[in-house]
Every structure is written in C-alpha cells, then in structure tokens.
1. Enumerate the amide H contacts of Lys151 below 5 Å, restricted to partners 5 or more residues apart or on another chain; note that Pro and chain-start residues carry no placed amide H.
2. If each of Tyr176 and Lys206 carries a label point 7 Å out from its Cα toward its Cβ, how far apart are those two points in nm?
3. Apply 1/(1 + (r/R0)^6) to the Cβ-Cβ distance of Arg22 and Leu131, taking R0 = 35 Å, and write down the FRET efficiency to the nearest 0.05.
4. Only Lys, Arg, Asp and Glu count, each charged at its Cβ (+1, +1, -1, -1), so figure out the dipole size of the stretch 1-137 about its Cα centre, rounded to 20 debye.
5. Roughly how compact is the stretch 103-216, stated as its Cα Rg over 2.2 N^0.38 Å to two decimals?
6. Assuming a viscosity of 1.567 mPa s and a temperature of 4 °C, what translational diffusion coefficient in µm² per second does Stokes-Einstein assign to the stretch 39-148, Rh being the Kirkwood radius over Cα pairs?
7. Quickly estimate the mean residue ellipticity at 222 nm for the chain, helices only: each DSSP H run with n ≥ 4 gives -39500 (n - 2.57), and the total goes over all residues, rounded to 500.
8. Go ahead and set up a Gaussian network model of the chain, Cα springs under 10 Å, then flag whichever of Ala172, Ala27, Ala148 fluctuates most.
Amino acid sequence: MAGESQPAEAKASAERLLEIYRRLYAAYGPQHWWPADSPFEVVVGAILTQSAAWVNVEKAIENIRAAGILSPQGLLKVGPDELARLVYPAGYYNAKARKLKAFVEMLFDRHGGELDALFALPLPELRQELLATHGIGQETADSIILYAAEKPSFVIDAYTRRVFSRLGLVPANDSYASWQAMFSDILPPDVQLFNEYHALIDQHAKAVCRKAPLCDRCCLRGVCPTGRVGTA
C-alpha cells in the first residue's frame, strides 16, 4: 500500500487500484502468466506476440522448438529465411525473424549469450538495453522485464487503456510512460502483483470489457462509471 508520506489523493488512488485488482482476481482467479517453459521462451513469445493472436504465437514457438533451436545459440545460428519460415504462423514473419535475430545478437555481443547476465542489470539499465534493440518497443520490453527477468515493470497495452478509460482512471498525459506511472508510482513494486494484475486486465478485456462491453456481466460494474450508465 502507499506509504504514509504520500498525499491523500495518491493513497485513494492506490486503494482504488487495489480494489479493482481484488475484484478481478475474485472473478477470474490466478492467470498463471506467462505460459512458457523458460525465460528465453518468454522473450521469444513477447517478440512474436506483437500484432498476433497468442494461439498463432504458440504455433510459431512450437515450430522453433521442433527444429531444436529454441535457445539463444539456436536462434543465433539459424538463417533468417529459415527462421522466417518457422515463425510464419505469427504473422509479419520476415520482420519478426529479424527482431529475434537482433535480440540474440545483442545478447551475444553484450552479455556473452547469457540471459542471466542481461537480466542481472538494474531495471532501468535493462529496460534501456532492450529498448535499444531493434524491434523491441516499450510494451515488449516491459513484458520481458516482468515475465522473463521477474522485475517489477508494469506492462501497458491497448486492453489496459480500454478498461481503465472506462473506469475513469486515466493519466493527464496519454503516453505510455504516463500510463505506466499511474500504476508503478502508486502500487507497491511487487513482481507477483504486477504479473497478475496485467494478466487479469487482459483476461477481463477479452471476456467482458470488449470493444462493445458486456457491462451486465462485469465484476467491476460497482466501481465503473461506464458500467453504471450502461446498465442503468
């Protein structure tokens, strides 16, 4: 919970964010994110899931696994055309093959090919290193930091913006950094909390808070101005 030194409005925001979390958790339970067998598989999935449905990402990862190259060494050695063929199900396959190659090349050039060495960097340095890598934007970087490196960096995506805009909780500045600060500056920097919260937001957006919301089924209706109007 927010510390005693924080202003009253920040405490109220923390309480509201945690109330939303509790309602989501009660409705959906633990989400067990990220679905992967290793931190490196999380990295691969985070890159491949850009503009792709997860079911198609899983097919691409399974192709890489079946080829025996689901490792930094494997992706470094495979040719770009062959890698593009393997990740075809995830869409934008040529671009995504280049992004995967760029990541493993950075890993070998700067960290001896060791994921643990990369993840040992302090969070701000790790984030800067990822963002400097071709094809890794803020959402992908934070997904890697949170779910693979297990460091507390809150992930912001389109689902987060949709759900919290309807809840009337939006930052003054509509930028990724401002959205992230709305969570990171108020909530305790807890990896498990950030992990579960982001996963629950995405589950809620897919199941209920859709583009056309199903407000009558919503576990947040009691704290959501949009939901109260929609079901009045």
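1. Excluding prolines and chain starts, which carry no amide H, the hits are Leu146.
2. It is 2.2 nm.
3. On the way: r = 33 Å, r/R0 = 0.93.
Working from the Cβ atoms, E equals 0.60.
4. Values: 14 positive and 16 negative charges, 82 e Å.
The dipole magnitude comes to about 400 debye.
5. On the way: Rg = 15.6 Å, N = 114, 2.2 N^0.38 = 13.3 Å.
Dividing the Cα Rg of the stretch 103-216 by 2.2 N^0.38 Å gives 1.17.
6. Values: Rh = 13.6 Å.
The calculation lands on 95 µm²/s.
7. Working: 13 runs with 137 residues, N = 232.
Taken over the chain, the calculation gives -17500 deg cm²/dmol.
8. Ala172
Throughout, read-outs are computed from the coordinates displayed, never taken from laboratory work. This structure is a prediction, so every number in the text was calculated from the model and none was measured. No Cβ is skipped: glycine too gets one built from the backbone with ideal geometry, and neighbour counts run over all protein chains shown.
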